[in-house]
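Data first, discussion second: the structure below is written as structure tokens.
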Amino acid sequence: MEVAFGHPVSLKPIQTKYCPGCGHGVIHRLVAEVVDELGVQAKSIIMNPVGCSIWADLYFDFDSVQPAHGRTPAAATGVKRCLPDHLVVCYQGDGDLAAIGTAEIIHAANRGEKFTAIFVNNAIYGMTGGQMAPTTLVGQKATTAPYGRDPGVAGMGYPIRVCELLATLGGTRYLARGSVHNAVNVRKTKQYIKKAFEAQMRGLGFGMVEILSPCPTNWQMGPIEAEEWLERNMVPYYPLGEIKNTLEAAAGEAPAGAR
């Protein structure tokens, strides 16, 4: 009998360390499912830096590299250039990618480095106790913004839309934003991840999939309330869908050996 559904081969069958309601487990499964479907487990490398994503190497059943905080794109550049036939995935949170690693991701994207970033945006610093992140919404409370993010009097700045920022760069080929707050968007997010991975394996340039993810623990909400809060507050500010897709044009420009 054909198996219609099962545990991904590329995901180890172990108990998760993530908090109840956290989106990382769902995102891990999506990445593993796509790796399995593309048949690239033996040639996949996950780059998991500091933050909640630091646990990723425990769960994925393929090679991993743990870069210094914020240096994930720089490390991925070296790995991908040495192993151009491998699938190199930067699995980053909003602190690693959009704060300490801002320069790294911008310049790697601008160079058109041929790896894929999976950017988990939960609008908070999860591992270190719930401090304000570059993606924290205006008015959203954090341990370092107890009255809510205030871009005016308190000078806390505005939340950064990373996909839209990177879309202005010539080296970016595929940028999409998905979410894992309900089943419909989980399916759409998987499609974005698969398209980005396929583009990388074809050598078409830099790609990133930003994924809105709930953090019930640091939002101080129950899991269901967190999913509802995400849809009500994050989705309007961080619109879902493909933000930039120039893969067709890139395919025409790519050398014959890269197609």
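Any idea of the accessible area per residue across the chain, 1.4 Å probe, to the nearest Å²? Could you put the intermediate results ahead of the total?
On the way: 11590 Å² over 259 residues.
I get 45 Å² per residue for this part.
Close amide H contacts of Val65 (hydrogens built in the peptide plane, cut-off under 5 Å, sequence separation of 5 or more or a different chain): Ile46, Met47, Asn48.
If you sort Leu83, Leu30 by accessible surface, 1.4 Å probe, largest first, the order is Leu83, Leu30.
Rounded to the nearest 10 square angstrom, Met208 shows an accessible area of 0 square angstrom against a 1.4 Å probe. How far is helix 24-38 tilted, in degrees, relative to the longest principal axis of the Cα atoms in the chain, given as a value from 0 to 90 rounded to the nearest 10? It is inclined by approximately 10 degrees.
Measuring nothing but protein heavy atoms, the accessible surface of the chain at 1.4 Å probe radius is 57 percent carbon and sulfur. Seen from a random direction on average, the alpha-carbon convex hull of the chain projects onto 14.1 square nanometres.
Shape call for segment 1-127 from the C-alpha gyration tensor, a ≥ b ≥ c root eigenvalues: rounded (a/c under 1.5), prolate (a/b greater than b/c) or oblate? Taking the square roots of the gyration eigenvalues as a ≥ b ≥ c, segment 1-127 is oblate. When His181, His86 are compared by accessible area at a 1.4 angstrom probe, the order from most to least is His86, His181.
Can you tell me what share of the DSSP beta bridges in the chain is antiparallel? A percent to the nearest 5 is fine. Please list the in-between numbers first.
Numbers: 6 of 32 bridges.
Around 20 percent of the beta bridges assigned by DSSP in the chain are antiparallel ones.
These residues, Lys141, Lys194, go from largest to smallest accessible area, 1.4 Å probe, as Lys141, Lys194.
Near the amide H of Met208, within less than 5 Å, lie the amide hydrogens of Ala117, Tyr174, Leu175, Ala176, all on another chain or at least 5 residues away, with H placed in the peptide plane. Among the protein heavy atoms, those of Arg202 account for about 110 Å² of accessible surface (1.4 Å probe, every chain in place). Tilt of helix 102-111 relative to the longest C-alpha principal axis of the chain, in degrees (0 to 90, nearest 10)? With both axes taken from Cα atoms, the answer is about 30 degrees.
The values are calculated or read from the model by the stated rules, or taken from the named source; none is laboratory data. Predicted model, so just to flag it, every value in this text is computed and none were measured. Side chains included, ligands, DNA and RNA excluded: accessible areas come from the protein's heavy atoms. Shrake-Rupley method; radii C 1.70, N 1.55, O 1.52, S 1.80 Å.
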